[in-house]
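Chemist: One structure, as C-alpha cells, below. Some questions next.
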Amino acid sequence: MAGRASAGGGEIQLTAGSEAAPHTHISIVTAVHPQRTEYLTETAESIAVARDSLGDHGIGIEWCLVVDGPGVDRSTVDKAGADHVLQLPITQGVSAARNHALALSSGDWVFPLDADDMLDVDGFTALATTRLADDIVWVATNRCWLDDRSRTPRWIEEPRRWRRYQLEEEWTSPFPFHPNNIMVRRSIALATFGWPGLGVNEDVAFCLTAAAAGPGLTLPTLTVLYRRWSGQTIVRPGYHESKVHSFATIEAAVNARRGRTGMPPIRAPRPSPH
C-alpha cells in the first residue's frame, strides 16, 4: 500500500515493502463474554490465516484472549487456540477484560478485535507491513460489514496524518473513524491504562487518550469484517442515552488533563444516534 496525504502544512509518505516494518510483533487483544462465544471460532480462523500471511514478512502475531467471567464452554476457547488465555473469576466488563489482555501482551503494537468480528487478512497484512515514522503512536483503519462487505459508517477515504491532540480538538460524532479499529503502540496503551471503565464509548476515550500521547494516522485500509447481529451494544435500548453520559464524562476527563498543561478546553460533540 502506498499513499500521500497533506497534513497541516506537510506531506506524509506511506510505503509498504517486502521487508518487515518497525512493528515486527503485533498483539491482538480480544475480550469475550462467556455466553457469547458462538463466533469465536471464525475470529480465530481469520487470525490464523493472517498469522500465516505475515509470517512471510517476518512479522509475528500474538493473540491474547480474556474471557470476561465464569461459565464459558471451555472446549470452544481451547479450539480457538489463542496464545494467551485468561478467564476472569467474575464478570468485569469489556474495558477491564481488554486491559487484562493488554497486560498479557508483549507486542510492539496492540490491535483490539472483538470476538464476533474477523480480520480482513489482505488489509491487515497491508497495515502490518506499512512502514511508519518513528513518532507515530496510533493508526486507524477501515472496517466493512461482514454479511455483504458494504462500507460501515465512519469510512476513511484518504490517508491523513494527525498531530498530537488534534483528534480531541476536532472530535466529531460520528467519529472520524470507527474507534475500535485502531492499532496503538503497546507502550502508549499501557502507560495510559488502556480502556477506561465506561459501559459504552470506552473505545472513543481510548482513541482520544492515545492521540493525546502523540501523532497518528488514518489510513483507507480495510482491516476488520464487522458482524451485524442482535447482540451488539449499539442496538440495545438506552444506548443513545448512555452515549450522552459517556461523552460528558470523556469531555470532563480530557479537559482536566488539558487544564493541567494550560491548554484550552474542548467541547464534546452532540452524540450521533449510532
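Chemist: State the number of residues belonging to the range 115-125 that are assigned to a loop (DSSP other than H, G, I, E, B) and open to solvent by 20 Å² or more (accessible area, probe 1.4 Å).
Modeler: Kept after step one, since they are assigned to a loop (DSSP other than H, G, I, E, B), are these residues of the range 115-125: 115-117, 120.
Then keep just the ones that are open to solvent by 20 Å² or more (accessible area, probe 1.4 Å); that gives 116, 120.
Adding up the residues that qualify gives 2.
Chemist: For the range 129-148, name all the residues that are in contact (Cβ under 8 Å) with a residue 24 or more places away in the chain and outside any strand (DSSP E or B).
Modeler: Within the range 129-148, the subset in contact (Cβ under 8 Å) with a residue 24 or more places away in the chain is 129-147.
Within the range 129-148, THR129, LEU132, ALA133, ASP134, ASP135, ILE136, VAL137, LEU146, ASP147 qualify.
Chemist: Something else: Out of the helices (runs of 4 or more DSSP H) lying entirely within the range 166-214, which hold 3 or more residues that are touching a Leu at 6+ places or on another chain (Cβ under 7 Å)? Outline the logic, then answer.
Modeler: Numbers: elements: 166-169, 186-191, 202-211.
Ranges flagged: 202-211.
Chemist: Okay, moving on. Just one of the numbered conditions (1) closer than 20 Å to ALA31 by Cα; (2) open to solvent by 60 Å² or more (accessible area, probe 1.4 Å); (3) in contact with a strand residue (DSSP E or B) (Cβ under 7 Å, 6 or more places away or on another chain); (4) not acidic (Asp, Glu) is not true of TRP155; which one?
Modeler: It fails just one condition, (1).
Let's see how each residue does on (1) open to solvent by 20 Å² or more (accessible area, probe 1.4 Å); (2) part of a helix (DSSP H, G or I):
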{"position": "LEU65", "(1), (2)": "no, no"}
{"position": "VAL72", "(1), (2)": "yes, no"}
{"position": "THR76", "(1), (2)": "yes, yes"}
{"position": "LEU127", "(1), (2)": "no, yes"}
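Chemist: Same structure, new question: Scan the range 176-189 and tell me whether some residue there is at negative phi, open to solvent by 40 Å² or more (accessible area, probe 1.4 Å), free of Cβ contacts under 8 Å to residues at least 60 places away in the same chain and among the polar types (S, T, N, Q).
Modeler: The answer is yes, given that some residue of the range 176-189 is at negative phi, open to solvent by 40 Å² or more (accessible area, probe 1.4 Å), free of Cβ contacts under 8 Å to residues at least 60 places away in the same chain and among the polar types (S, T, N, Q).
Chemist: On the basis of being open to solvent by 50 Å² or more (accessible area, probe 1.4 Å) and in contact with a Lys or Arg (Cβ under 9 Å, 6 or more places away or on another chain), does PRO265 make the cut? Spell out how you get there, then give the answer.
Modeler: Numbers: open to solvent by 50 Å² or more (accessible area, probe 1.4 Å): yes; in contact with a Lys or Arg (Cβ under 9 Å, 6 or more places away or on another chain): yes.
Considered against the rule, which asks whether it is open to solvent by 50 Å² or more (accessible area, probe 1.4 Å) and in contact with a Lys or Arg (Cβ under 9 Å, 6 or more places away or on another chain), PRO265 comes out as yes.
Chemist: Identify all residues within the range 29-63 that are hydrophobic (A, V, I, L, M, F, W, C), out of contact with any helix residue (DSSP H, G or I) (no Cβ under 6 Å at 6 or more places or on another chain) and open to solvent by 10 Å² or more (accessible area, probe 1.4 Å); write none if there are none.
Modeler: Matches in the range 29-63: ALA48 only.
The values are calculated or read from the model by the stated rules, or taken from the named source; none is laboratory data. Given the structure is predicted, the values throughout are model-derived calculations rather than measurements. Note that we place each Cβ from the backbone using ideal geometry, even for glycine, and neighbour counts take in every protein chain shown. Side chains included, ligands, DNA and RNA excluded: accessible areas come from the protein's heavy atoms. Shrake-Rupley method; radii C 1.70, N 1.55, O 1.52, S 1.80 Å.
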